[in-house]
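**Student:** Handing you this structure, nothing more for now.
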Amino acid sequence: MPHSILVLYGSYRSDRMGIRLADYIVAGLTARGDAAELIDAKAVGLPMLDRMYKEYPKGAAPPALEALAAKIRAADAFVFVTGEYNWGVQPGLKNLTDHFLEEWFWRPAAIASYSAGRLSGARSNTAWHATLSEMGMVVISSTLTIGPIAQTLDADARPIGEAGHSLDRSFGRFADDLTWWTEAALAQTARKPPPY
């Protein structure tokens with residue numbers, strides 16, 4: 001049975017490049033037999049966080065929030081695709097993520113970062129690790145760091161040049177690691193309900 005994996009992306013820029021990496025990951029996971037779906041924060045369009053999903057009375061959350069909560073609860077795993085803004089995380093993706101809490105619990109998360117430069121969003125990647133752990137996810141050890149993004153993936157999310165070849169080589173281990181933890185979480189949840 002395919003695993004349900006949400007690939008979350010958070011840039012709001014008009015000329016955003018990271019969508020290439022998000023599309024590449026969705027295509028790669030789908031080719032492996034998973035049911036991967038892109039969650040684009042810009043397309044979802046949540047407001048800046050005022051009230052978390054759980055703080056709305058049952059049935060009173062805005063429709064976009066309600067729909068996304070259902071997708072998060074139903075997912076087996078997550079991939080967070082993030083750029084790096086001033087050594088930190090993208091505000092769009094962080095805002096989307098912060099609308100929820102318990103909905104994330106007890107599933108694995110993977111991080112893929114990118115930048116226009118050679119550091120490949122590594123500092124954002126590191127920051128997300130602590131954030132996702134605090135939000136109840138098990139963050140896998142394999143990560144993808146892509147940069148410069150424009151020299152790695154073309155506009156159709158196809159690998160180009162040596163950097164693209166390197167991404168293709170790295171993706172298999174990244175996906176295998178996520179699959180292992182996804183299957184472990186599913187097996188444990190079937191054996192014993194989470195403690196909270």
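**Student:** Among residues belonging to the stretch 119-140 that are among the polar types (S, T, N, Q) and part of a helix (DSSP H, G or I), point out the one that is nearest to residue 104 (Cα to Cα).
**Tutor:** 133
**Student:** Considering only the stretch 61-74, I want to know if a residue exists there that is within 25 Å of residue 182 (Cβ to Cβ), within 13 Å of the chain's Cα centre (by Cα) and of a type in the set (A, V, I, L, M).
**Tutor:** yes
**Student:** Moving on. Could we say that residue 49 is of a type outside the set (Lys, Arg), at pLDDT 95 or above and farther than 30 Å from residue 190 by Cβ here? Give the derivation first.
**Tutor:** Values: of a type outside the set (Lys, Arg): yes; at pLDDT 95 or above: yes; farther than 30 Å from residue 190 by Cβ: yes.
Against the criterion (of a type outside the set (Lys, Arg), at pLDDT 95 or above and farther than 30 Å from residue 190 by Cβ), residue 49 qualifies.
**Student:** Scan the stretch 90-112 residue by residue and report those that are buried (at least 21 other Cβ atoms within 10 Å of the Cβ) and within 21 Å of residue 26 (Cβ to Cβ). Steps first, please.
**Tutor:** Let us first name the residues in the stretch 90-112 that are buried (at least 21 other Cβ atoms within 10 Å of the Cβ), namely 90, 92-93, 96-97, 99, 107-112.
Across the stretch 90-112, the qualifying residues are 90, 92, 93, 96, 97, 107, 108, 109, 110, 111, 112.
**Student:** A follow-up question, please. Find the residue count for the stretch 24-63, including only residues that are within 25 Å of residue 152 (Cα to Cα) and surrounded by fewer than 19 Cβ atoms within 10 Å (Cβ to Cβ). Reasoning before the result, please.
**Tutor:** Of all residues in the stretch 24-63, those within 25 Å of residue 152 (Cα to Cα) come to 24-43.
Keeping just the survivors that are surrounded by fewer than 19 Cβ atoms within 10 Å (Cβ to Cβ) gives 27, 30-33, 35, 37-38, 42-43.
The qualifying residues number 10.
**Student:** For the list (1) surrounded by 16 or more Cβ atoms within 10 Å (Cβ to Cβ); (2) without any contact (Cβ under 8 Å) to a residue 12 or more places away in the chain, I need the number of the one condition that residue 130 fails.
**Tutor:** Every listed condition holds for residue 130 apart from (1).
**Student:** Can you name the residue in the stretch 133-152 that is in contact (Cβ under 8 Å) with a residue 12 or more places away in the chain and closer than 17 Å to residue 88 by Cβ and, of all such residues, is farthest from the chain's Cα centre (by Cα)?
**Tutor:** Among those that are in contact (Cβ under 8 Å) with a residue 12 or more places away in the chain and closer than 17 Å to residue 88 by Cβ, it is 147.
The values are calculated or read from the model by the stated rules, or taken from the named source; none is laboratory data. In this text, all values refer to a predicted model and were calculated from it rather than measured experimentally. Positions of Cβ are backbone-derived with ideal geometry, glycine not excepted, and every protein chain shown enters the neighbour counts.
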